[in-house]
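Reviewing the structure listed below.
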Amino acid sequence: DKIRDIIGPGGKTIRAITEQTGCVVNVDDTGRVTLASENPMSITRARQLIEGLTAEAEVGATYHGIVKRIVDFGAFVEILPGTDGLVHISELEEGRVERVSDVLREGDDVVVKVLNVDQSGKIRLSRKAAFGVDPSQVMNMRG
């Protein structure tokens with residue numbers, strides 16, 4: 001599964017990593033990834049991108065995310081590339097929230113905590129549980 005994530009449909013993802021970083025990326029049949037470049041920074045950047053693609057959400061960890069979709073009962077937030085979870089309306093704020101759109105909009109940056117990952121891989125997130133978290137504790141803080 002993770003090999004498929006790195007390669008992408010028709011090799012699209014692996015080509016994009018090569019174009020963005022200038023690093024040659026190879027994945028063998030066992031799933032071993034090799035990176036080659038004369039520029040060490042290219043290798044570092046390619047490695048970060050690949051780790052982001054293959055990372056899995058950790059229960060109890062706090063992530064920086066982007067609101068992808070608003071629904072009546074909450075918001076779907078992408079916390080890792082291609083990985084999103086649901087922040088239920090009851091997990092948005094300390095008090096009662098009438099409408100999700102009163103608190104969040106698509107494209108908003110948010111910090112969320114992973115409450116649970118069920119057997120089917122669905123991720124439950126909380127915005128209110130992440131209030132007051134030290135930014136150094138956020139797994140993928142940007143900027």
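Computed from the coordinates by the stated procedures, all read-outs in this text should not be read as laboratory data. Bear in mind the structure is a predicted one, so any value in this text is a computation, not a measurement. Ideal geometry is used to build each Cβ from the backbone, glycine not excepted, and the neighbour counts take in all protein chains shown.
As I understand it, the dipole of the chain uses +1 on the Cβ of Lys and Arg and -1 on the Cβ of Asp and Glu, about the Cα centre. Which of HIS64, PHE76, THR18 lies farthest toward its positive end?
THR18
Let a ≥ b ≥ c be the square roots of the eigenvalues of the Cα gyration tensor of segment 62-137; is it rounded (a/c under 1.5), or, if not, prolate (a/b larger than b/c) or oblate? List each step's numbers first, then the result.
On the way: a/c = 1.35, a/b = 1.13, b/c = 1.20.
In terms of gyration-tensor shape, rounded.
Under 18 Å from a label point 7 Å along Cα→Cβ of ALA16: give me every residue in segment 61-101 with its amide N that close.
Residues passing the 18 Å test: 65-69, 77-85.
Expressed as a rounded percentage, what relative contact order does segment 62-137 have, with Cα pairs under 8 Å and six or more residues apart? Walk me through the numbers on the way to the answer.
Numbers: 152 pairs, mean separation 25.0, N = 76.
Relative contact order comes out at 33 percent.
Give the angle, between 0 and 90 degrees and rounded to the nearest 10, that separates the Cα long axis of helix 12-21 from the longest principal axis of the Cα atoms of the chain.
80 degrees
Beyond 12 Å, what share of the Cα-Cα pairs of segment 2-54 remains, rounded to the nearest whole percent?
On the way: 815 of 1378 pairs.
Within segment 2-54, distances greater than 12 Å cover 59 percent of Cα pairs.
Given 10 °C and 1.306 mPa s, how large is the Stokes-Einstein diffusion coefficient of segment 98-143 in µm²/s, with Rh as the Kirkwood radius over Cα pairs? Could you put the intermediate results ahead of the total?
Numbers: Rh = 12.4 Å.
Using the Kirkwood radius from Cα pairs, D works out to 128 µm²/s.
In 5 Å bins starting at 0, how do the alpha-carbon pair distances of segment 43-101 split up by percent?
4, 18, 22, 21, 15, 9, 6, 4, 2, 0
Work the Kirkwood hydrodynamic radius out for the chain: mean of 1/r over every pair of different alpha-carbon atoms, inverted, in Å. Mind dumping the intermediate values first?
Numbers: mean 1/r = 0.0604 Å⁻¹.
Hydrodynamic radius (Kirkwood, Cα pairs) of the chain is 16.6 Å.
For segment 62-137, give the magnitude of the charge dipole about the Cα centre (Cβ charges: +1 Lys/Arg, -1 Asp/Glu; no others), in debye to the nearest 20.
Numbers: 10 positive and 13 negative charges, 31 e Å.
Once rounded to the nearest 20, the dipole reads 160 debye.
Treating the angle as unsigned and between 0 and 90°, give the value, to the nearest 10°, between the Cα long axis of helix 40-54 and the longest Cα principal axis of the chain.
50 degrees
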